[in-house]
1. Looking only at segment 118-143, count every residue that is over 21 Å from Ser160 (Cβ atoms), at pLDDT 95 or above and out of contact with any strand residue (DSSP E or B) (no Cβ under 9 Å at 6 or more places or on another chain) and tell me the total.
2. Considering every residue within segment 136-145, establish whether at least one is of a type in the set (Phe, Trp, Tyr) and either over 23 Å from Tyr13 (Cα atoms) or surrounded by fewer than 19 Cβ atoms within 10 Å (Cβ to Cβ) (or both).
3. Being more than 25 Å from Ser139 (Cα to Cα), surrounded by fewer than 21 Cβ atoms within 10 Å (Cβ to Cβ) and at pLDDT 95 or above narrows it down to one of Lys59, Lys95, Lys38, so name that one.
4. Of everything in segment 110-124 that's within 13 Å of Arg24 (Cβ to Cβ) and in contact with a Phe, Trp or Tyr (Cβ under 9 Å, 6 or more places away or on another chain), which residue is surrounded by the fewest Cβ atoms within 10 Å (Cβ to Cβ)?
5. Could you give every pair whose Cβ atoms fall below 9 Å, whose first residue belongs to segment 133-162 and is free of Cβ contacts under 8 Å to residues at least 12 places away in the same chain, and whose second residue is of a type in the set (Phe, Trp, Tyr), counting only separations of at least 6 or pairs across chains?
6. Here is a list of conditions, (1) more than 23 Å from Lys67 (Cβ to Cβ); (2) at pLDDT 95 or above, and Glu178 meets all of them except one; can you say which number that is?
7. Of all the residues that make up segment 64-93, how many are more than 18 Å from Phe119 (Cβ to Cβ) and touching a Cys at 6+ places or on another chain (Cβ under 6 Å)?
8. Does any residue in segment 120-132 that is at positive phi come within less than 7 Å, Cβ to Cβ, of a residue that is not in a loop (DSSP other than H, G, I, E, B) six or more places away or on a different chain, and which pairs are these?
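The values are calculated or read from the model by the stated rules, or taken from the named source; none is laboratory data. Just so it is clear, the model here is predicted, and its values are computed rather than measured. Backbone-built Cβ (ideal geometry, glycine too); neighbour counts: all protein chains shown.
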Amino acid sequence: MPRRDIEFVTNEYYHVFNRGIDKRDIFMDKNDLYFFFKRLNDLNRVNHSDAYKHSRNRKDVEINEDKLVEIVAYCLLPNHFHLLLKQKNDKGISKFMHRLGASYVNFFNKKYKRAGGLFQSRFKAKHLSGEYALPIVASYVNLNYKHHHINPKENLVKSSVFEYFGNELGDRICSADEINGVIAEIGSLDDYQDFAKNASQVFIDNKKSQHLLLLD
């Protein structure tokens, strides 16, 4: 396996991305998507145990246990995913992504009676730096389905954009403090909503700008 060039630093932000091998779909139905989404929360503990998910006091565990990462934004699409993460503990991102990948591939292979890898390679990651990097990348991740002309109401898509703008009815996994921090860099929630829409249109109009962020 090739050596990773990036070194993850605690309390720094990173854009993380991976896709299915040969660009194949990694989510075949809503249950696949929900399993992956739930594992984003379940596996994000320094002292993780599978017994955690069976705890009667799960909310207490969530509050008291240290996290590997803070999830700032995410977008899960049929054949790939984007995450915006802040590392909270030493090697937190590497541990988190290893757990997530292994857990999901095991689930997927058992369900569909297959063997072998599911993802194209080790996940890609890019460190955020520069003015407005955080709100720019958060906008790219939140609205990534738009860049692929995918309607989230008609396809297997789950995005944190609905957590940012307050109309996500299901589980929330993004850090409220981190969301507030992203918005505060621009101004009000309305300001960020306009900023995100404008940034997204730039990404759609100029594909080269996406590669500066990592990327598709």
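1. Number satisfying all stated conditions: 0.
2. No, segment 136-145 has no match at all.
3. Working: Lys59 fails: at pLDDT 95 or above; Lys38 fails: more than 25 Å from Ser139 (Cα to Cα).
Lys95 is the lone residue from the list that is more than 25 Å from Ser139 (Cα to Cα), surrounded by fewer than 21 Cβ atoms within 10 Å (Cβ to Cβ) and at pLDDT 95 or above.
4. Arg114
5. Pairs found: Asn151/Tyr145; Pro152/Tyr145; Pro152/Phe162.
6. Result: Glu178 fails condition (1) only.
7. Total satisfying the criteria: 1.
8. Tyr132/Glu185
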